[in-house]
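To start, the structure under review is shown below, and the notes come after it.
The values are calculated or read from the model by the stated rules, or taken from the named source; none is laboratory data. If you're wondering where the values come from, they're calculated on a predicted model, not measured in any experiment. Quick reminder, even Gly has a Cβ in these numbers, built from the backbone with ideal geometry, and neighbours come from all protein chains shown. What goes into the accessible areas is simple: the full protein's heavy atoms, side chains included, and nothing from ligands, DNA or RNA. Shrake-Rupley method; radii C 1.70, N 1.55, O 1.52, S 1.80 Å.
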Amino acid sequence: MLVVVLLGSGLIALLLLNSSLNQGSFELSKLEKQTDELSDERQSLQQEVDQLSAPGALEQRAQELGMVPGGSPAFLNPDGTVAGVPAPATGQPSVAHAPGPLPPLVLDPTPAPT
């Protein structure tokens, strides 16, 4: 009777161990699939960032915002002297796409009824 009980408990232990390993395997494959999907999404987002940060795209976006190329810059040295001769920006801003001034914010001094 003792041998039968030991064999039965051993079989049950093997069954539990096997099911635990299978569950871990399924979890591992699920996580690997999720990792692949996230890696693809990251790569897609990185390509989008690369496209948007290309010099041509930045120039086009700046023109849409009404920006013009700057003139020659001047720099302030730590001792307070100016290095270089500043020049104004050249070109006309594109007012068709430039954002207009924001309307003034009107604050109501009366408290809202509660």
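Per-residue packing, averaged as other Cβ atoms within 10 Å, sorts the ranges 78-86, 23-31 into the order 23-31, 78-86, beginning with the highest. Ranking of Met1, Met67 by solvent-accessible surface, largest first: Met1, Met67 (1.4 Å probe, protein heavy atoms only, all chains present). Taking 0.36 nm per residue of sequence separation and removing the Cα-Cα distance, the Val3/Ala83 pair yields an extension gain of 19.2 nm.
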